[in-house]
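**Q** Handing you a structure now.
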Amino acid sequence: MRKDIPALMNAADAFVMSSAWEGLPMVLLEASASGLPLVATDVGGNNEIVLQNKTGFLVPSKNPSALSKTMSKMMDLQTYERQRFGQDARKYIESHYSLEQVVNDWEDLYRNLIQSHG
C-alpha cells in the first residue's frame, strides 16, 4: 500500500498500463485526473478512458513491440503535445467521471425508469 501515488503521478510525464485484461481500471481514471497522457492496451474498459490520439494511445494487448513503439512515440512528442493530451484527459474525466456527473447519470437513470414504468 502506497500513500504517495499523487506525488508519483505528478512527477511523471505519462502513464503506461500494459494489462492483458481489465474492467474499468481506477488507475487510468486517476492518471487522467492527474493530467497525464496515457498509453494503454486496448482491453476491457480502457478504450472508454483512453481516447485514441486525444488523451493518449491504445495498443493491442500482448504485443510488447507495439507497446514499446507507442511508449517511444509518446515520449517523442513535444512537451506541449503531451501536456495537451494530459489536459484533454483531465477534462474528459471531469466531464464523464466526476462525482457530480456520476450522481447526475444515476438520477437520470432512475428518472427514466420511473417514467417508463409509470
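**Q** Restricting to region 35-66, and then to whatever is aliphatic (A, V, I, L, M) and assigned to a loop (DSSP other than H, G, I, E, B), can you tell me which residue is surrounded by the most Cβ atoms within 10 Å (Cβ to Cβ)?
**A** Top of the filtered list is Val50.
**Q** Name the single residue that is least open to solvent (accessible area, probe 1.4 Å) among those in region 85-118 being within 20 Å of the chain's Cα centre (by Cα) and among the aromatic types (Phe, Trp, Tyr).
**A** Step by step, filter region 85-118, then rank; the result is Phe85.
**Q** In region 8-23, how many residues are open to solvent by less than 80 Å² (accessible area, probe 1.4 Å), of a type in the set (A, V, I, L, M, F, W, C) and more than 23 Å from Gln83 (Cβ to Cβ)?
**A** Here the count works out to 1.
**Q** Being basic (Lys, Arg), open to solvent by 80 Å² or more (accessible area, probe 1.4 Å) and out of contact with any strand residue (DSSP E or B) (no Cβ under 7 Å at 6 or more places or on another chain) is the requirement here; does Arg82 meet it?
**A** On the way: basic (Lys, Arg): yes; open to solvent by 80 Å² or more (accessible area, probe 1.4 Å): no; out of contact with any strand residue (DSSP E or B) (no Cβ under 7 Å at 6 or more places or on another chain): yes.
Here the answer is no, as Arg82 does not meet what is asked.
**Q** Another question about this same structure. Could you please tell me which pairs satisfy a Cβ distance under 8 Å, a separation of 6+ or placement on different chains, a first residue in region 18-32 that is in a loop (DSSP other than H, G, I, E, B), and a second residue that is basic (Lys, Arg)?
**A** Once the first residue is in a loop (DSSP other than H, G, I, E, B) and sits in region 18-32, its partners that are basic (Lys, Arg) give Ala20/Lys62.
The values are calculated or read from the model by the stated rules, or taken from the named source; none is laboratory data. Quantities reported herein were computed from a predicted structural model and do not represent experimental measurements. As a convention, Cβ positions derive from the backbone with ideal geometry for all residues, glycine included, and neighbour counts pool all protein chains shown. Protein only, heavy atoms only, side chains kept; ligands, DNA and RNA dropped before computing areas. Shrake-Rupley method; radii C 1.70, N 1.55, O 1.52, S 1.80 Å.
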